[in-house]
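Structure first, commentary second.
The values are calculated or read from the model by the stated rules, or taken from the named source; none is laboratory data. Note that the structure is a prediction, hence the values are computed from the model and not measured. Virtual Cβ from ideal backbone geometry, glycine too; neighbours counted across all protein chains shown.
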Amino acid sequence: MIRDSLAVVVVVRRHSERLSTLLQDLKSEGIRAGIVVANLSGDALPTDGDVLVIDGTITEPLGRAVGRAIESTDAETIWILRDDMGVRPGALAALTSVLDTSPSVGVVGPKVLDANAPAVILEMGESMTRSGYSVALAERELDQAQYDRVSDVLAVGEAGMLVRREVWDSVGGFDRALTSVDAALDFCYRARTAGWRVEVVPSAHVDARDSSWESFRGQTPRAQLQREISRTRAHRLLTQRPAFVAMFAAVGLGFSALVRGLGRFVQKREAPFAEFAGTSAAAFDLAALARARRNARRSRTQPIEGSRLFVPSSERARRRALERDELIAALEAADDDPRLSFGVAATWWMTFFVLAGLVLAGPLLGAEALAGGAALPLPSSIVEAWSAIGATWSEAAGGSTVAPDGFVAVVAMLASLTWWNPNALVIGIVALAVPLSFVAGYIGSGVLTTNSRTALIAGGAWALLPTLHIAVGEGRLPAILVHILLPFAVRALFGSTIVSIGWTSILIAVMWASVPSLAPILVLGVVLRVVTGSPAMVLALAPALALEWPRILESLSRPLTYFADRGFPAPSTSPTGFGVLTLWPSTVTMPFVDSSVATLIALAIVATAVVLVGIAVIVADNTRVGIFALVGGVALLEVAALSGVTLASANGAAVSLFTGPLLDVVWFGLVVGVAITLTSLRRTSTVLGPITVLTIGAVGIVPLTAVAMGSAPVHATTVRTLPAYVEAQTAIDHGGGTVVLTPTNDGLVVALERDGGVTLLDWAATAVTRTTPTPTERAIGELAANLVVESDADVIALAQESHVSFVLLDATVTAPEVSTISSHAGLVQVGETDRGILWRVDSAVEPDVTDRAPNLVYRLALGAVGVVALIAAVPTALPRRRRPVDDVVPLDEEVDDEHS
Amino acid sequence: MSILSKLTTGVVGLIVLGVGGWAAAAIPSPLSTGIVPLSESITPDGINRHLVCAGNAVGHLADSADATPVGNSSLITVLGQHGSSMVLAGHDNGAVIERVKGQKFMAATEVDSFGDSTMVGFLATECGDALNEQWVAGGSTETGRETNLVLSNGTDVDARVDLEIWGTNGLVEAPGSKGIVVPALSQRVYSIAGFAPDEPSPAVHVVSTGAAIWATLQVTAVRGLVPGGVDRIGSISAPAATLVFPTVRIPSEASIGEVLSDPAYSDITPAIRLLNPNEVDATATITLVPADGGDPQSVTATVSAGLVSDIALADFVEGDWSIIVTADQPLVSAIRTGFHDPNSGVTDIAWESPSPIYAGTMAIAVPSGSTLGIVNPRSDAITVEVSNGDVITAIEIPAGGSVVRPVDSGQVVLKSTGDIAASIVIETGSGIAIVRALSEPRDAGNVVVTYG
């Protein structure tokens, strides 16, 4: 009988105080002899004399301790117990009866119940999928006899395992490389391949407190367990597969672990690369693998029969789905803050604004590119656009060395969204400015309110503000970007997760690089958030600094020029004096009324808004309205400091700040405050809301319809800014220059353009804030001055010095300059083009092909910071699947503003 | 959050908003960056210049239909050298004066006087720079008045010319006024009556593609069988909102009084012609400044869009006046003054276009003793250096004022650092004429280059 030749090995590691209880249990089971205690705890044990004690270290694996413990006996059966276990009456009898009656069974295991919750199964049998993942057959489930019909299993756990001595010896015990996790699984697997059967005996009950890992290592971080699980899986797989397959399997395992690790990293889960670390550790531990493979090969006699022993991977997927559902439910239960949701009404309004935006931008929709005002075409190929990132040479201002410009980098990167045609980006932004602004205003108001009606009013007003439409009419891409992105940035700024920080950093970077005068406001916002409890938000400034550091360093000697608007500087007529308080970026115009009356109307609207904001301070459910008013005041102080100051010059015009973006900061607080106040009057808010939005639209009707009526400076144009002849010639001979002459009242404006013309990406901030002409410009100026008079100068030599192949006169055919330019020998008139009259230099001009290398440090730093910011911004929050609703169904009048 | 914390932040926020608003509205920014639009004044090397002289007056010999040169005009130049002459109806006529390298200024004047049975009067005109686009107003095509447009092409490239004739009723539909070819080094003469018959106030817009030409209007008057009045008018390059006539001599009551009652002599009285080529009505303020000080007198007139109107300047004291016209739209203008010698019965008229307003060096070739008038249209006084022969004087001209000085024949050179306009009025026994001081063509002396 088994009982006669039984060795009970008790492995004591962390719970040495429980040993006596366990020995008591064993005595009541009728076991008196053959108990060997492997004392790995290092403590002295209170034992009886007839118990053999073997010492060991606490880090000794259980299998090794058992192997050493049975060296001294010749028992035919081994029962493995741990110090955290308890044995219930009848357990041993049940186990031995199976071994007695079935000679083919080599290993049996009991049903292990939780010692703290005796009706819960801790573990009962183990199996694995074909791809090597270990799956416990029963895992922390209530014992309702659902597994009492199970007998044959792939493996049993080490706790309470009863194994024949000959099986142990022939298979070689537990694998030395597997210290706890899956050690028993691997042992039973090898026993199966040696022809033995493994059974679990549900009628044998034992208690345990820990899992094999916990008993081996104690409480550890989850990451270590993950690492160990993947290590043992890789080890087992690489042991079980044939040699040739194992090599590919190793690479496949490593690669998939890396990919899953990256996925976890992007999703901001903890310890993303623990799996990869474990897999690599197993794959590179070649000595252990060799030993294990040798061992397995020695004992293998047959493949495991019975595919029913393996768990299909669908089962594993099902279990993982159940885990995920539990996680989602826990998150949803914890997250009960009311949030502003983008509901049906908002979607309808957004659709309306999409249509309205398309109608208002009608004349521009089919354009190849936009020009006029501050708009210029972008290069027609995305590669050309990307090469402008970090470029240290700009073709504007006749060609000069510039610091890499952040706005150029931003536009080039945004143009990747429409990589087939970069100009489609600009046209798309202009066409979608209105609906995007609506969505922005809606989402941004979520900072101050959770009421969707408030958000609708705020979004509608934000989409119709004159600051946006004046910017669209004048083709000011930076100001349009700021208007769209500002509310999103505000909303992201008030978040506290890594995703919020990522989004904030990206949005702040785009806004800062487009409108540097916003930088103080952005820094103020970040500082306020850092001070009020979100210190990690300071990282949000990193991408902005990565974009702007060359320009910041360059402008240290003339700090004010840093605040010049980016892109092509176009003059703006900012109101002065009390006209500034209308919060319009240019003088107020309204149909049918005089401009002074229009200014008064706009002032009245602003005054009403301020009064309503004052009320909103009290009515709102948080203190942020006051903070927004404060930030708006700071923006107005900056307007006071910078308005009227010449910050840049281009085409002979002095350009000062376009105050639109700074006024947007003020407008945002006003708009949301007004919306809050209006919706607090519940009965009338359904009427007052649309009326307010329509009023703002009506007051700004002139800039709103400027593009549609054709009275805006921005217009559709072709992609090139020089005549097609020049573009065709310079496509063959790169670097050919064209001198563009524009006669004015008292002189002429001279510009030099290379290849197909100057694009928006050539206008770097350094070039527009220069105070002295570049040497190239001086040479071109002399050439131009000698061209427009009948002078004796050798204009051809001057042209060759500056690598100029074409002369373009932007005037009508009857201008006096035409005959004077034609009078110079060596210039051949090509003819009248859509850009003016074109002459060609009739001698060989060497093209200017000096290669200007971009700033690689800038590109690398920007790329690194950008990738980090993008990864941080990938959303990880599990989507809300149901909104928490109150138990009470609200009636119409009783709608709770918190949750409507 | 409590009401108190909301109120506190709210009040603080609104106070900062108010302070910001007040600062933005009331306090001008004290900061400056020193960035100005980049422009430089560049002197081109060795500029050429060509002055085109229209040559002899044109008339019809022996009742022929073609216009040929008549008379024998003399050409006086200040520096420069004679280039080629042009051809009109097979005759050599006119001249092109070229600048000699290194010479800083140049001028030329042609004079002729007539006293035969077909033409009576005194004609003196400056030679001007060829232009691709020019405007000239003057003359009339009513009975007894002949106005001929002379197009002089002094280049070696053909010119293709389009004409626009404007009148009291607006733009005149004139078939044949487009596509006129003026061959190289030749002249073409067109009677305005052929385009706009019976037009009391014609004005012409000449547009030339290809070569630049010099257009002049020649005006002759015959009253009944008595000829009395010849003049030639040089053109201006573009309509302007400020037009200056430095020498307008209002004839004395004693000289013209006896013929004023005769309606045929109505065109002896001084008048100013204004063309508004725009699409919006223009309001013009005509300020008459007595030469050498005195109170200016102003007349305001409205010129309808697209029309020419003549405004009589009858009620002014005799003497030399300067006229400054300021309008809210760019206009084309010319003034007319008359001459009558009650002893010899010689009647003459003088038309002239406004003198160019220019800062720099200008010259006039003076054929005989005349009166130089200089106008300062600026808002502050200016000192002009006038050299007449060997005599150099510095004359101070008050803001908005004018000065007249007698000058001897020869050259008159004016050097000024600010905008002025100048002309001379020559009155001899055979008539009266006005010669303008012309500026260097655009961009020649100093080109102001702005970097874009």
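Quick one: B:PHE105 ticks every box in (1) within 18 Å of B:MET362 (Cα to Cα); (2) within 14 Å of chain A (Cβ to nearest Cβ); (3) in a loop (DSSP other than H, G, I, E, B) except a single one, so which number is it?
All conditions are met except number (2).
Select from the range B:38-51 the residues that are buried (at least 17 other Cβ atoms within 10 Å of the Cβ) and out of contact with any Pro (no Cβ under 6 Å at 6 or more places or on another chain) and list them in ascending order.
Residues satisfying the conditions are B:SER39, B:GLU40, B:ILE42, B:PRO44, B:ILE47, B:ARG49, B:HIS50, B:LEU51.
Of (1) part of a loop (DSSP other than H, G, I, E, B); (2) in the same structural domain as A:ALA277 (by TED's automatic domain parsing), A:SER180 satisfies all except one. Which?
A:SER180 satisfies all of (1) part of a loop (DSSP other than H, G, I, E, B); (2) in the same structural domain as A:ALA277 (by TED's automatic domain parsing) except (2).
Please determine whether any residue of the range A:711-719 is in contact with a Lys or Arg (Cβ under 9 Å, 6 or more places away or on another chain), within 30 Å of A:ARG770 (Cα to Cα), small (Gly, Ala, Ser) and assigned by TED's automatic domain parsing to the domain that holds A:ARG566.
For the range A:711-719, residues in contact with a Lys or Arg (Cβ under 9 Å, 6 or more places away or on another chain), within 30 Å of A:ARG770 (Cα to Cα), small (Gly, Ala, Ser) and assigned by TED's automatic domain parsing to the domain that holds A:ARG566: absent.
Could you identify the single residue in A:PRO487, A:PRO478, A:PRO543, A:PRO516 that is closer than 18 Å to A:PHE628 by Cα and either in contact with a helix residue (DSSP H, G or I) (Cβ under 9 Å, 6 or more places away or on another chain) or among the aromatic types (Phe, Trp, Tyr) (or both)?
A:PRO487
So that you can scan it fast, the table gives a plain yes or no per residue for (1) β-branched (Val, Ile, Thr); (2) in contact (Cβ under 8 Å) with a residue 12 or more places away in the chain; (3) touching a Leu at 6+ places or on another chain (Cβ under 9 Å):
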position	(1), (2), (3)
A:ALA540	no, yes, yes
A:ALA544	no, yes, yes
A:TYR562	no, yes, yes
A:SER596	no, no, no
A:LEU603	no, yes, yes
A:ILE615	yes, yes, no
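Do we find that B:ASP292 is over 19 Å from the mean Cα position of the chain (by Cα), acidic (Asp, Glu), surrounded by fewer than 20 Cβ atoms within 10 Å (Cβ to Cβ) and under 30 Å from B:ASN132 (Cα atoms) in this structure? Quick ask: steps written out before the conclusion?
Working: over 19 Å from the mean Cα position of the chain (by Cα): yes; acidic (Asp, Glu): yes; surrounded by fewer than 20 Cβ atoms within 10 Å (Cβ to Cβ): yes; under 30 Å from B:ASN132 (Cα atoms): no.
No; evaluated as a whole, the condition is false for this residue.
Determine if the range B:154-173 includes at least one residue that is small (Gly, Ala, Ser), within 14 Å of another protein chain (Cβ to nearest Cβ), at negative phi and out of contact with any Lys or Arg (no Cβ under 7 Å at 6 or more places or on another chain).
Checked the range B:154-173: at least one residue is small (Gly, Ala, Ser), within 14 Å of another protein chain (Cβ to nearest Cβ), at negative phi and out of contact with any Lys or Arg (no Cβ under 7 Å at 6 or more places or on another chain).
Taking the range A:758-786 as the region of interest, how many residues are surrounded by 23 or more Cβ atoms within 10 Å (Cβ to Cβ) and without any contact (Cβ under 8 Å) to a residue 40 or more places away in the chain?
Qualifying residue count for the region: 4.
Conditions tested, residue by residue: (1) hydrophobic (A, V, I, L, M, F, W, C); (2) under 28 Å from the mean Cα position of the chain (by Cα).
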position	(1), (2)
A:LEU432	yes, yes
A:VAL447	yes, yes
A:SER452	no, yes
A:TRP462	yes, yes
A:LEU468	yes, yes
A:GLY475	no, no
A:VAL482	yes, yes
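May I ask you to verify whether A:LEU547 is buried (at least 20 other Cβ atoms within 10 Å of the Cβ), under 30 Å from A:GLY757 (Cα atoms), more than 10 Å from chain B (Cβ to nearest Cβ) and of a type outside the set (Val, Ile, Thr)?
yes
Could you tell me whether any residue of the range A:450-461 is closer than 30 Å to A:LEU752 by Cβ and away from chain B (no Cβ under 14 Å)? Quick ask: steps written out before the conclusion?
First pass over the range A:450-461, keeping only residues closer than 30 Å to A:LEU752 by Cβ: none.
No, because not a single residue in the range A:450-461 is closer than 30 Å to A:LEU752 by Cβ and away from chain B (no Cβ under 14 Å).
Which residues, counting only those in the range B:180-220, are within 17 Å of the chain's Cα centre (by Cα), outside any loop (DSSP other than H, G, I, E, B) and not β-branched (Val, Ile, Thr)?
B:ALA203, B:HIS205, B:TRP214, B:ALA215, B:LEU217, B:GLN218 - these are the residues of the range B:180-220 that are within 17 Å of the chain's Cα centre (by Cα), outside any loop (DSSP other than H, G, I, E, B) and not β-branched (Val, Ile, Thr).
Kindly check whether there is at least one residue in the range B:385-394 that is among the aliphatic types (A, V, I, L, M) and within 18 Å of the chain's Cα centre (by Cα).
No, every residue in the range B:385-394 fails to be among the aliphatic types (A, V, I, L, M) and within 18 Å of the chain's Cα centre (by Cα).
If you take the residues of the range B:202-233 that are surrounded by fewer than 24 Cβ atoms within 10 Å (Cβ to Cβ), away from chain A (no Cβ under 14 Å) and not aliphatic (A, V, I, L, M), which of them is nearest to B:LEU123 (Cα to Cα)?
Among residues in the range B:202-233 that are surrounded by fewer than 24 Cβ atoms within 10 Å (Cβ to Cβ), away from chain A (no Cβ under 14 Å) and not aliphatic (A, V, I, L, M), the one nearest to B:LEU123 (Cα to Cα) is B:PRO227.
Can you go through A:LEU485, A:LEU417, A:LEU456, A:LEU432 and tell me which one is crowded, with 24+ Cβ neighbours inside 10 Å and either on the phi > 0 side of the Ramachandran plot or assigned to a helix (DSSP H, G or I) (or both)?
Among A:LEU485, A:LEU417, A:LEU456, A:LEU432, only A:LEU456 is crowded, with 24+ Cβ neighbours inside 10 Å and either on the phi > 0 side of the Ramachandran plot or assigned to a helix (DSSP H, G or I) (or both).
Which of the following residues is surrounded by fewer than 21 Cβ atoms within 10 Å (Cβ to Cβ) and within 27 Å of A:ARG227 (Cα to Cα): A:THR129, A:THR101? Outline the logic, then answer.
Values: A:THR101 fails: within 27 Å of A:ARG227 (Cα to Cα).
Only one candidate qualifies: A:THR129.
Kindly provide the set of residues from the range A:115-137 that are farther than 15 Å from A:SER203 by Cα and part of a strand (DSSP E or B), ordered by number.
If the condition is that a residue be farther than 15 Å from A:SER203 by Cα and part of a strand (DSSP E or B), then A:GLU126, A:SER127, A:MET128, A:SER134, A:VAL135, A:ALA136 are the ones that fit.
Mind checking which strands (runs of 3 or more DSSP E) fall wholly inside the range B:288-350 and carry at least 2 residues that are within 26 Å of B:ASP231 (Cα to Cα)?
B:308-312, B:319-340
Pull up the range B:244-263, narrow it to residues that are over 22 Å from B:GLY293 (Cα atoms) and not in a helix (DSSP H, G or I), then point me to the one that is nearest to the chain's Cα centre (by Cα).
Step one: of the range B:244-263, the residues over 22 Å from B:GLY293 (Cα atoms) are B:254-263.
Add one more test, that the residue is not in a helix (DSSP H, G or I), and what stays is B:260-262.
Numbers: B:LEU260: 27, B:SER261: 30, B:ASP262: 30 Å.
If we take residues in the range B:244-263 being over 22 Å from B:GLY293 (Cα atoms) and not in a helix (DSSP H, G or I), then B:LEU260 is nearest to the chain's Cα centre (by Cα).
Looking at (1) part of a helix (DSSP H, G or I); (2) among the β-branched types (Val, Ile, Thr); (3) modelled with pLDDT under 90, which one does A:ILE506 not meet, given that it meets all the others?
(3)
Looking at A:LEU642, A:LEU630, A:LEU688, which is the one that is at the interface with another protein chain (Cβ under 10 Å from one of its Cβ atoms) and under 27 Å from A:TYR442 (Cα atoms)?
Matching residue, one of A:LEU642, A:LEU630, A:LEU688: A:LEU630.
Quick check on A:VAL666: is it part of a helix (DSSP H, G or I), within 14 Å of chain B (Cβ to nearest Cβ) and under 26 Å from A:GLY372 (Cα atoms)?
No.
For the range A:753-776, which residues satisfy the criterion of being facing chain B (nearest Cβ under 10 Å) and out of contact with any Ser or Thr (no Cβ under 8 Å at 6 or more places or on another chain)?
Result: A:THR771, A:THR772, A:PRO773.
In the set A:ARG260, A:ARG339, A:ARG298, which member is in a loop (DSSP other than H, G, I, E, B) and in contact with a helix residue (DSSP H, G or I) (Cβ under 9 Å, 6 or more places away or on another chain)? Step through it out loud before you land on a result.
Details: A:ARG260 fails: in a loop (DSSP other than H, G, I, E, B); A:ARG298 fails: in a loop (DSSP other than H, G, I, E, B).
Every option except A:ARG339 fails the conditions.
Give the residue that is farthest from the other protein chains (Cβ to nearest Cβ), with candidates limited to residues of the range B:27-67 that are over 26 Å from the mean Cα position of the chain (by Cα) and assigned to a strand (DSSP E or B).
Checked the range B:27-67; the qualifying residue farthest from the other protein chains (Cβ to nearest Cβ) is B:SER41.
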